[in-house]
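Comments concern the structure below.
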């Protein structure tokens, strides 16, 4: 392929004919952004284009930037190249980017999942020739149970903790996972408290999605008030002095990584809930199949293993190095720590 | 089985010791008696022999999951536990089975003798029928090594809570050789002392490392010192003209050390000795490396016995004339031991660990400085009036090891860890510089280490490794030589089995030398200079 429609450069994924970057990791003139997580929407671009629902998220995280919002499925042309955004189902406002030029169609997923989580607009498969996919959980060891089962486990855990006189502290990223948890927690069990990072991000999303009421934990929050209730906090708060206010508490974490017993034990968390905003193994394969693409590019996660398997089952699959942080999800915690500080 | 799998699920859902003990003691109250016996057996690492080898397990699991074997293997390297990988990967229809834990274990004993075809059918059926935790437990029972964050101590505490029997008494009851196939819960746990105690060892008393300045331990006159020998801690039992040798891992190793048979007839019946198995090549104490040639050998050949004989450095007497004397003071026990030792001729493999008394802590420190030349790891400090306790207890016995040897080495290979370090590169290989005949400097592997860094440091190194991988060899990655670490180790000896020609004892990472460039790492000849 001499002149691919999308190229992987030092700055990010580049569409040469349009002179525009997709989720670039270095500052550029014009960037189309899939979603609001830090490794996809970075600081320093001259112009940001993203879905409407992602606009307040990017503004909250990056401050006053030159940004414009688009609708699902409405195409726009830049230098003769046709672009459109389609739901990725990852978090609120997350898109896949469809790029069409001279009869060839590429789709870049950013991050995505195919299960409808009741919060993000559900993933929509887009027919294309080349599909650029993440594979954060691209191993057959990752197989998610339906969301309904997992959230009912979480609510049951809360009920049990309350009965034992413990406060439940549940960790999830402040953008995405925290709101997904909020959406599905049963407020009839008790009150839901939040860490500052979670509360701020939730405030940003309230105009877009319907979420139960929460109470921010402040200096004035009393220990007795928290007892038996639920606290939603970012993973970085685990082991901090902030959490001491919750004593006696038990901890839980909601993440795809919780599928591994070792991952949970390493973080010294009591209870792991396997709940991810990425596709599991079957989800990835199903998504790829539904695009009808013959060429697959794996960007982050278990790329080597996943693309090798895709080649075995007949796809023209390869990997590209990016700075998206699938396999390095541990680092996300460090990053979030910086953000919450 | 459902009950046991549920127990494992509950234990998995908490990090709090109290909640674990509560879950276990509930189980020990409610489960059928024979399941209790099997649970105790499993949690104290007494499982039936592995009925199916892991190669077959992997092949069949991959087949059932409809994935190529290489993909299964890759997943296993990342998950870090075979039973967990299988539990995660194979599809299940989730209908649980009503079979008890005991039934499953009896089936596994039966399974060992079946054909591969029958084994396969049995495994596939059960993998399909069990839910995640059932499948995990089932497969763990097959692969063995049931380590799930429950120590034997924790289990004993829970059993004590459930039965009202004292923890130390339970620890004693659960030691030694008993067969979960034939023993009942009544016989194992509840019954008063009616069993055959012929081969039964006592729980070992273990020491903690000295926490601060030894002078905090009070007047030196209240203490005795012994050298801390670097072999295998063992109890030697002579009862009814029979000899039993137990290692600290509660393994009966009598057959591996035929030298000790000569003690029968010399040492009176009703005697239990606590001591250290030490290699004694050429009439002097050897290195742990010498002992390695004896460990794990099924057949002890005559030539091996001649080349690397063992002795027993004996330091305590636990039973004398058929009476448990652990309640006597250390000095009283030592007096009996020394009197016994005087009656034994010097042709036996029995050696007395000298009891040293000092008049000042400085004198103790001086004695400690002689450890390396005496081939010991440092000193044991024992309170003169201390009884022989059960397990690791603080206060009466302390170990005061010599400072380790250290060297600066370069990180060259990395592998993912297991257990709580699964999916994280934490197992490292280190190299030192060596000059070849043409004068070229190259890095030569000398040791592997996987402890000593903080979790945060491990995360940093892990992220660096993922970005700086040169080549992959299955689970192992070679990395750009860039980072220097200070490696500590307890001992060093020449070795033909190692490429570097040197074997180090218990290497671990002391610190990350971010201030050093790889050119500043030590050389192999620096390392060899440390050999005494």
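Read-outs throughout are calculated quantities, based only on the coordinates presented, and are distinct from any laboratory measurement. From a predicted model like this one, the values you see are computed outputs, not experimental measurements. Note: ideal-geometry Cβ built from the backbone for every residue, glycine included; neighbour counts use all protein chains shown.
Computed values, structure above
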read-out: For A:115, B:442, order by how many other beta-carbon atoms lie within 10 Å, fewest first; value: B:442, A:115
read-out: Debye intensity ratio in log₁₀ form over the Cα atoms of the range A:100-225, taken at each q of 0.09, 0.12 Å⁻¹; value: -0.37, -0.61
read-out: Full-stretch length increase - residue B:299, residue B:399 - with 0.36 nm per residue and alpha-carbon distance subtracted; value: 32.6 nm
read-out: Among beta bridges that DSSP assigns inside the range B:405-528, antiparallel share in %, nearest 5; value: 95
read-out: Within 10 Å of each Cβ in B:465-472, the average number of Cβ atoms from other chains; value: 1
read-out: Burial ranking of peptide ranges A:247-259, B:55-67 (average Cβ count within 10 Å, highest at the top); value: A:247-259, B:55-67
read-out: Cβ-Cβ FRET estimate between residue A:79 and residue A:129, R0 fixed at 25 Å, reported to 0.05; value: 0.80
read-out: Per-residue average of Cβ from other chains inside 10 Å of B:75-84; value: 4
read-out: Segment residue B:222-residue B:30, extension gain: residue separation times 0.36 nm, minus the distance between their alpha carbons; value: 64.3 nm
read-out: Sequence of A:15, A:298, A:128 once ranked by neighbouring C-beta atoms within 10 Å, starting from the fewest; value: A:128, A:15, A:298
read-out: Estimated inter-spin distance, residue B:306 and residue A:188, nm [label 7 Å along Cα→Cβ]; value: 8.5
read-out: Average beta carbon contacts from partner chains per residue of A:262-274, 10 Å cutoff; value: 5
read-out: Residues B:331, B:453 arranged by fewest to most Cβ contacts within 10 Å; value: B:331, B:453
read-out: Angle in degrees between helix A:196-205 and the longest Cα principal axis of chain A, rounded to the nearest 10; value: 50
read-out: Anisotropy class of chain B from Cα gyration tensor, a/c 1.5 cut; value: oblate
read-out: Computed helical MRE - 222 nm, chain B, DSSP H runs ≥ 4 contributing -39500 (n - 2.57), nearest 500; value: -9500 deg cm²/dmol
read-out: Relative contact order (percent, whole number), the range B:405-528, Cα cutoff 8 Å, 6+ residue spacing; value: 31
read-out: Considering only the protein assembly as shown, percent of DSSP beta bridges that pair antiparallel, nearest 5; value: 65
read-out: For the range B:246-367: rounded, prolate or oblate by the Cα gyration tensor [a/c cutoff 1.5]; value: oblate
